[in-house]
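Single-structure report; data block below.
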Amino acid sequence: MLSAAASEPAPPPYTPCIQSPPYSALFAETPTGSPSSSAARPSGTFHRLTETISLSLDDQHSDSAEPVYGRNGVVHGRVSIKSKEALTSVSVKLKGEITVKISGNSTRVVLFSESYPLWDSKLPSGEACPPQEMAFAPFFPTNYHRSPYTFPLPPSYEDDDKTALCAYSLTISLNKPRQLFSLLTRSEKLVTKLRYHPRSRPKLPILPPELSFLATLKSCPEDWYESTAQMATRDSNYPPIDCLLFIPSTRVYALSDIITFHLQLRIPLKLCASYGPAAPDEPGMVVKTNRGQLVVRVSLLRLQQTSFRPNDQKTNRRRILAEGQLNSAIVEDCVLPSRLCPPGDYQTLDWEGQLRRADSVSTPGFVSTHLSIKDYVVLDLFPVCAGESTYLRLQHCQPVTLVTDAWSEQGSVDVAVR
């Protein structure tokens, strides 16, 4: 008789265990391009030279025309002095300010100004001459305060006609003894313009532009935001025209995002409406009715608001960032929920389109004292002949927020819709 042990099959062959990787309590550097690194830190150096001062700023792109810093950015740099004679102190100052001009008047608001001594001959431990090289590392604050409010530090900005400016600078000052019979300290300064570019992302993604409103409304209704308005009428015999504009529900978009939209007009049947394209060089559509023609446009609008406190003057400047190309959309009754189906005495006109911002725009929206940049998706519906039309012009502005970066699974920055 065979024993139980002898009747069991032989175990499969085993290979030696792979040695576990070494572990350390120290943090490792994040490899460039890994999921936890949104972008590699620049390794170049920005240089400025004068006859007296040599300035070097680290962590810059080699092809950058000006130094760029992000949120809470640290200005790592070094300064060397060629002529050290008759110097009493060397300092560095990081400063931010907003300047606005209205009707020939201008006002300037200092957001922050921080000075740091690099060398001072009057200090007990001070040397007779400054060191060969002096390092510094001032940083951009997250916010600035204007009683009773606190604002995020706005990005660098300059409009086309120079009426609004948000600028940041780094100043190296070489101070010398006062001249005889003079109360002022002589100084030589090197001022370098810095670009402050804080980055932010939406908290949620938007649907890809190839997925239209009609294709996703039933499966993903939460991905669309409905904004409604009415085109008013002068004649009580003609009811108003209902307008339904659908945009991605986050209402926070990257500057690089393509914003898909859907527009529905509910027009009284008695108007006998039809539509066609606008003039060849004009965006939008023309709706033809027995009460006149109406032009329909959808655009991405940027509003620059400036204020001047002494006289309480305010100005608004508008700039179209993108014009939507309206394409006819055929809507079947089974596609729309019942609440989106008009009553029997109305007809619907539906279009879909996309908004792509101009490549020249790189600054996100922001709000600050004296200067604000706000963005809107705008529905513009107006009669061709305003004096003869039964209907009044409608400009419906839906606030949105434009940020620097597209949504990413790596993380986001909370940005609220204004």
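The values are calculated or read from the model by the stated rules, or taken from the named source; none is laboratory data. Computed from a predicted model, the values in this text were never measured in an experiment. Positions of Cβ are backbone-derived with ideal geometry, glycine not excepted, and every protein chain shown enters the neighbour counts.
Here is how the numbers come out for the structure above:
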read-out	value
Candidate set: segment 47-65, residues that are surrounded by 13 or more Cβ atoms within 10 Å (Cβ to Cβ) and either not assigned by TED's automatic domain parsing to the domain that holds Thr192 or not in a strand (DSSP E or B) (or both); chosen: the one modelled with the lowest pLDDT	Ser64
Of all residues making up segment 118-135, the number that are surrounded by 15 or more Cβ atoms within 10 Å (Cβ to Cβ) and either closer than 21 Å to Val75 by Cβ or modelled with pLDDT of 95 or more (or both)	5
Candidate set: segment 325-383, residues that are acidic (Asp, Glu) and under 15 Å from the mean Cα position of the chain (by Cα); chosen: the one modelled with the lowest pLDDT	Asp359
Residue among Gly44, Gly77, Gly33 that is loosely packed, with under 10 Cβ neighbours inside 10 Å and either modelled with pLDDT of 95 or more or over 24 Å from Ser121 (Cα atoms) (or both)	Gly33
Flag for Thr107 being closer than 22 Å to Ser173 by Cβ and among the hydroxyl-bearing types (Ser, Thr, Tyr)	no
Residues satisfying the stated conditions in segment 80-111, i.e. in a loop (DSSP other than H, G, I, E, B) and either of a type in the set (A, V, I, L, M) or surrounded by fewer than 13 Cβ atoms within 10 Å (Cβ to Cβ) (or both)	Lys82, Ser83, Glu85, Ala86, Leu87, Ser103, Gly104
Residue in segment 275-296 that is touching a Ser or Thr at 6+ places or on another chain (Cβ under 7 Å), in a strand (DSSP E or B) and aliphatic (A, V, I, L, M) present	no
Hits in segment 373-405 - residues which are within 25 Å of Val110 (Cα to Cα) and surrounded by fewer than 19 Cβ atoms within 10 Å (Cβ to Cβ)	Thr404
Of the criteria (1) touching a helix residue (DSSP H, G or I) at 6+ places or on another chain (Cβ under 8 Å); (2) crowded, with 21+ Cβ neighbours inside 10 Å; (3) among the hydroxyl-bearing types (Ser, Thr, Tyr), which one Tyr253 fails	(1)
Residue in segment 142-152 that is surrounded by 15 or more Cβ atoms within 10 Å (Cβ to Cβ), among the β-branched types (Val, Ile, Thr) and either under 16 Å from the mean Cα position of the chain (by Cα) or in a strand (DSSP E or B) (or both) present	no
Subset tally (residues that are aliphatic (A, V, I, L, M), more than 26 Å from Leu207 (Cβ to Cβ) and in a strand (DSSP E or B)) for segment 258-274	1
Exclusive hit being part of a loop (DSSP other than H, G, I, E, B), crowded, with 20+ Cβ neighbours inside 10 Å and among the hydrophobic types (A, V, I, L, M, F, W, C), set Ile247, Ile206	Ile206
Candidates Arg393, Arg302, Arg291 - the one that is modelled with pLDDT of 85 or more, touching a helix residue (DSSP H, G or I) at 6+ places or on another chain (Cβ under 9 Å) and outside the structural domain of Gly104 (by TED's automatic domain parsing)	Arg291
Restricting segment 215-250 to residues that are among the hydrophobic types (A, V, I, L, M, F, W, C) and at pLDDT below 90, the residue that is nearest to Leu392 (Cα to Cα)	Leu217
Residue count for segment 216-244, restricted to those that are part of a strand (DSSP E or B), in contact (Cβ under 8 Å) with a residue 24 or more places away in the chain and of a type outside the set (D, E, K, R)	10
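Table: residues versus (1) modelled with pLDDT of 85 or more; (2) in contact with a Lys or Arg (Cβ under 7 Å, 6 or more places away or on another chain); (3) of a type in the set (Lys, Arg).
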{"residue": "Lys84", "(1), (2), (3)": "no, no, yes"}
{"residue": "Ser89", "(1), (2), (3)": "yes, no, no"}
{"residue": "Ser115", "(1), (2), (3)": "yes, yes, no"}
{"residue": "Ala137", "(1), (2), (3)": "yes, no, no"}
{"residue": "Phe151", "(1), (2), (3)": "yes, no, no"}
{"residue": "Leu165", "(1), (2), (3)": "yes, no, no"}
{"residue": "Asn175", "(1), (2), (3)": "yes, no, no"}
{"residue": "Thr185", "(1), (2), (3)": "no, yes, no"}
